[in-house]
Amino acid sequence: SFEGRVEVYHDGKWGTICDDQWDDRDAEVVCRQLGLSGTPKALSWAHYGQGSGPILLDEVQCSGNELSLDQCKKSDWGQQNCDHIEDAGVSCDPFTGTEVQVCQSDACCPSLLPPLAEGTVRLAGGRSPGEGRVEVYYNGDWGTVCDDGWTDLGAQVVCRQLGFR
């Protein structure tokens, strides 16, 4: 799943995070830590239901560039002034944040599409969004990748680029 109440594991137990100061930059770090892409969105007031047990973090203030919540400015573990009605949540929705249009070819509506960066990758021809032929955008066109020397390591890099674990 790509959304829900955020819980952290510390000192042998799971607990929730209070939503004081909770914002989309914090959600961005949570999504990154979970290996999820999409548009990070912070949700407050126990949007995904109230947790039980300890509230382990409060006053989380990430810049958005951290690799994990541990690197963010926050209260000391267990130091909080909250109730579970303030449990923080996130959505890392992979179906948002990308402009989508129904096109008959790659050339449709070029003025409405955001510019693609050189080296952008996509999967084509698969049975699901998580599989297919690897294609790379280069010099204004999409091209395929030769499988000479292709290994699981290359596949892992592409999966990470696409926001998969």
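The H on the amide N of Ala46, modeled in the peptide plane, is under 5 Å from the matching H of Asp87, each at least 5 residues off or on a different chain.
Assuming 0.36 nm per residue, please report the length gained on full extension of the stretch Val136 to Ser68 beyond their Cα-Cα distance.
Working: separation 68, 0.36 × 68 = 24.48 nm, distance 2.93 nm.
Taking Val136 through Ser68 to full extension adds about 21.6 nm, to one decimal.
A straight chain from Phe164 to Asp83 at 0.36 nm per residue would run longer than the Cα-Cα distance by 25.8 nm.
Binning the C-alpha pair distances of the stretch 3-93 at 5 Å intervals from 0 yields a P(r) profile of 3, 17, 29, 29, 18, 5, 0 %, listed from the shortest bin outward. Rounded to whole numbers, the Karplus 3J(HN,Hα) couplings from phi for the stretch 18-28 are 6, 8, 4, 6, 5, 9, 5, 5, 5, 4, 4 Hz, using 6.51 cos²θ - 1.76 cosθ + 1.60 with θ = phi - 60°, and x at Gly and Pro. Residue ranges 146-152, 74-80 sort as 74-80, 146-152 when ordered by packing (mean number of other C-beta atoms within 10 Å per residue, highest first). What is the pair-distance distribution P(r) of the stretch 120-162, computed from all Cα-Cα distances in 10 Å bins starting at 0, with each bin given as a whole percent? With 10 Å bins starting at 0, P(r) equals 27, 60, 13.
For His10 and Val145 in one chain, what is 0.36 nm times their gap in residues minus the Cα-Cα distance, to one decimal in nm?
Gain on stretching His10 to Val145: 44.3 nm.
Read the figures in this text as sums done on the coordinates, not as results from a lab. Fair warning: this is a prediction, and the values are worked out from it, not measured in the lab. For neighbour counting, all protein chains shown are included, and Cβ atoms are generated from backbone atoms with ideal geometry for every residue, glycine included.
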